[in-house]
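**Q** What follows is a single structure, and I will ask about it in a moment.
Each value in this text was obtained by applying a stated rule to the coordinates, not by laboratory testing. Since the model is a prediction, treat every value here as computed from it, not as a measurement. Because the Cβ atoms are built from the backbone with ideal geometry, glycine has one as well, and the counts that use them run over all protein chains shown.
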Amino acid sequence: MKLLGFLRSLVASAAVLLALPALAVQAQSPGPPRTEPIAGDEAASPLIEAEIANLRAFARVYTVARWFHPSDAALAADWDAIAIEAVPQVIAARGPEELAKVLSQTFTPIVEGFEVANQPLGPVAASPSPAERWRWLHSGFTGPVNTGYFKRRNSYRSLGIGEFFDEQIATGLWVRFPTSATKNGDETPEMVPQQSFAGKPEGWTPAGFDRTTRIAATIIAWGVFDQFYPYWDVVDVDWDERLDVQLHRAATAQDDSEFAAALRIMLNELQDGHARLVYNQSRRGLIPLIFERIEGRIVVAWAEESLGIEPGSMVSTIDGMAIDELLVDVMENRSSGSEHVRQRVALDRLIYGPLDTVAKVALTSPDGQARTIEIPRIPFSWDAVPEMPRPDPVAELEPGLLYVDLTRTTDDMLIGAADRLVKEKGIVFDLRGGPAGSPMILSHLTDKVVLSARFEKQVYEFPDQVNPQYADSAWRIVPQSPQLTRNIVFLTNADAASYPESILGTVKGNGLGTIVGSPTAGANGNVSMVDVPGGYRLYFTGMKVINRDGSVHHNIGVLPDVAVEPTLEGIRQGRDEVLEAGLDVVRAALANS
């Protein structure tokens with residue numbers, strides 16, 4: 001029999017990396033540069049209102065200048081170091097006159113045409129003679145790792161200077177500078193990282209133990225999200241207003257770990273299911289359990305057999321802390337996105353804790369016996385993260401009915417199962433998680449050309465997302481022979497985030513199968529990341545995804561056609577009720593055909 005003519009690749013994906021050249025970045029690798037305070041670190045202390053106002057004004061100018069002023073000097077500058085050196089001076093400034101002096105000293109050497117005054121600025125000086133100029137073009141946010149975004153300086157000819165950033169940034173303080181720059185040649189200056197810092201002893205390095213570093217890192221992260229997060233029109237957040245409290249958390253954090261917690265709260269405020277922080281993973285351990293919230297209780301859905309914990313055991317505390325309070329704390333302070341994805345993330349994170357410690361889990365077994373189990377935390381690795389048991393990746397569960405777990409089935413495995421796929425009368429595809437292969441199966445579920453959701457990579461030339469351009473890189477799914485049965489079911493839940501949502505959105509939008517389970521995460525679009533001083537890496541959604549009909553996907557997800565949630569009874573019986581419901585849908589369709 002003819003093998004499936006699977007598509008080996010698709011033009012673009014909302015979660016599969018695009019083949020773009022790697023770009024130079026001016027950011028350090030994530031991870032703590034050091035593990036303890038050293039001489040030169042500034043101790044934690046609160047900010048007064050006047051200091052916060054100064055930092056707010058600096059953050060605005062710094063953000064626009066860093067990302068939208070394209071002079072050669074700006075390209076060569078170490079912007080992280082600029083922030084670290086400027087922050088103490090900005091805080092110390094007393095009144096608009098002193099702050100104007102600090103801003104002038106900081107930005108005039110690198111921002112062409114920078115002006116700052118304590119009164120409204122007059123008309124722009126006469127334009128120079130026509131000349132070639134540079135302007136930044138950002139396709140999403142370019143971070144330390146290539147995730148399909150890029151930035152470049154575009155050359156253009158102009159009769160004048162063009163667009164300006166021109167604002168009153170604080171009481172008694174006005175700033176103006178162009179968002180273009182003179183083109184002096186075609187060469188791109190290289191950024192040389194700064195090895196020493198004014199006001200710090202020789203050999204000092206930025207770290208989360210230092211108050212100045214924490215404040216600078218907060219300003220940098222806040223500014224990136226302010227300019228490049230694509231969902232400000234969807235989420236209900238006053239991001240400008242949030243800066244004040246974010247600066248306060250940074251100033252008062254006692255060490256690098258407390259600052260990591262502060263950054264996680266910032267990410268939570270984005271309301272973005274992709275948002276997460278990576279910092280010092282080496283200290284993390286885990287216990288081999290899976291938790292679920294079922295019928296209002298947190299239970300053990302699976303446990304390593306040697307622990308002797310029965311599925312469906314109800315958990316009351318971990319390390320003496322009430323489990324419900326732990327869950328709420330993680331949902332509010334260590335996760336982001338929709339309610340259902342924050343709960344999923346929080347449940348997953350309950351298994352983590354400091355490496356080489358023992359977790360004390362108090363629980364009540366299904367027969368009513370209360371006990372406390374001591375479980376050593378083992379080193380974190382992705383292979384060590386537990387997963388719920390499922391059938392074999394490709395399995396005939398009954399005559400004519402095939403189960404395919406797309407989270408464990410590679411393209412080669414699908415091709416190897418081609419004969420079985422073609423002859424089956426019903427197929428259940430499991431997408432409760434990320435796919436192991438490409439979305440090529442979709443071409444064999446449609447007899448006409450169909451499109452995925454709209455994958456809108458936003459292109460910015462000007463600050464504040466003014467007049468953005470959009471490049472829709474939607475999948476165009478072309479039918480391939482042979483066609484599979486139309487008796488198709490997809491299983492899903494909140495573990496399906498990003499790439500699987502691209503597949504399921506295509507299924508939902510074009511009627512390519514029945515979706516069974518619970519809503520997906522509502523977190524789609526290629527991920528962006530930003531590294532900030534101190535070794536912290538922050539992830540966020542960098543591209544907007546909109547359902548093909550124009551409706552919102554963000555924080556809603558792909559909704560099931562048949563809603564199914566696990567029950568306590570089902571967990572205790574070891575049943576996969578979502579799979580059972582999917583099989584019922586297939587059986588019913590077969591009975592009616």
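**Q** Collect the residues in the stretch 203-232 that are part of a loop (DSSP other than H, G, I, E, B), of a type outside the set (A, V, I, L, M) and within 20 Å of R34 (Cα to Cα), keeping them in residue-number order.
**A** We begin by selecting, within the stretch 203-232, every residue part of a loop (DSSP other than H, G, I, E, B); these are 203-210, 229-232.
Checking the rest, the ones that are also of a type outside the set (A, V, I, L, M) come to 203-206, 208-210, 229-232.
Within the stretch 203-232, G203, W204, T205, P206, G208, F209, D210 meet the criteria.
**Q** Report every pair of residues separated by at least 6 positions or lying on different chains whose Cβ atoms are under 8 Å apart, first residue within the stretch 364-391 and surrounded by 11 or more Cβ atoms within 10 Å (Cβ to Cβ), second in a helix (DSSP H, G or I).
**A** If the second residue must be in a helix (DSSP H, G or I), the pairs left are P366/R572; I373/L307; I375/L307; I378/A384; F380/Q281; R390/L579; P391/L579.
**Q** Continuing with the same structure: Taking the residues in the stretch 338-393 that are of a type in the set (K, R) and part of a strand (DSSP E or B) as candidates, determine which candidate is nearest to G312 (Cα to Cα). Explain how you work it out, then say what you get.
**A** Here is the first cut: in the stretch 338-393, the residues of a type in the set (K, R) are 342, 344, 349, 360, 371, 377, 390.
Now drop any that are not part of a strand (DSSP E or B), which leaves 360, 371.
Details: K360: 18, R371: 14 Å.
That would be R371.
**Q** Of all residues in the stretch 416-449, which are over 13 Å from P393 (Cα atoms) and β-branched (V, I, T)?
**A** Answer for the stretch 416-449, where residues must be over 13 Å from P393 (Cα atoms) and β-branched (V, I, T): V422, I441, T446, V449.
**Q** Among the residues of the stretch 396-423 satisfying the criterion of being in a strand (DSSP E or B) and touching a strand residue (DSSP E or B) at 6+ places or on another chain (Cβ under 7 Å), which is surrounded by the most Cβ atoms within 10 Å (Cβ to Cβ)? Break it down stepwise before answering.
**A** Filtering the stretch 396-423 down to residues in a strand (DSSP E or B) leaves 396-398, 401-405.
So of that shortlist, the ones also touching a strand residue (DSSP E or B) at 6+ places or on another chain (Cβ under 7 Å) come out as 396-397, 401-405.
Values: E396: 13, L397: 15, L401: 20, L402: 22, Y403: 25, V404: 23, D405: 23.
Checking each candidate, the answer is Y403.
**Q** Now, a different point. Among the residues of the stretch 529-554, which ones are touching a Phe, Trp or Tyr at 6+ places or on another chain (Cβ under 8 Å) and either free of Cβ contacts under 8 Å to residues at least 60 places away in the same chain or not β-branched (V, I, T) (or both)?
**A** Quick first cut of the stretch 529-554, residues touching a Phe, Trp or Tyr at 6+ places or on another chain (Cβ under 8 Å) only: 529-530, 534-537, 540-545, 554.
Those that are touching a Phe, Trp or Tyr at 6+ places or on another chain (Cβ under 8 Å) and either free of Cβ contacts under 8 Å to residues at least 60 places away in the same chain or not β-branched (V, I, T) (or both): M529, G534, G535, Y536, R537, F540, G542, M543, K544, H554.
**Q** Please determine, by comparing only the residues of the stretch 233-278 that are part of a loop (DSSP other than H, G, I, E, B) and charged (D, E, K, R), which one is nearest to T35 (Cα to Cα).
**A** Top of the filtered list is D255.
**Q** Does the stretch 429-440 include one or more residues that are part of a loop (DSSP other than H, G, I, E, B) and more than 31 Å from the chain's Cα centre (by Cα)?
**A** From the stretch 429-440, those part of a loop (DSSP other than H, G, I, E, B) are 431-439; that's our starting set.
From the residues that got through so far, the ones that are more than 31 Å from the chain's Cα centre (by Cα) too are none.
No, there is no match, as no residue in the stretch 429-440 is part of a loop (DSSP other than H, G, I, E, B) and more than 31 Å from the chain's Cα centre (by Cα).
**Q** When you go through (1) closer than 27 Å to H274 by Cα; (2) surrounded by 13 or more Cβ atoms within 10 Å (Cβ to Cβ); (3) in contact with a strand residue (DSSP E or B) (Cβ under 7 Å, 6 or more places away or on another chain) one by one for P354, which number turns out not to apply?
**A** Of everything listed in (1) closer than 27 Å to H274 by Cα; (2) surrounded by 13 or more Cβ atoms within 10 Å (Cβ to Cβ); (3) in contact with a strand residue (DSSP E or B) (Cβ under 7 Å, 6 or more places away or on another chain), P354 misses just condition (2).
**Q** Of all residues being in contact with a Ser or Thr (Cβ under 9 Å, 6 or more places away or on another chain) and basic (K, R) in the stretch 424-453, which is surrounded by the fewest Cβ atoms within 10 Å (Cβ to Cβ)? Just the residue, please.
**A** In this case the residue turns out to be K425.
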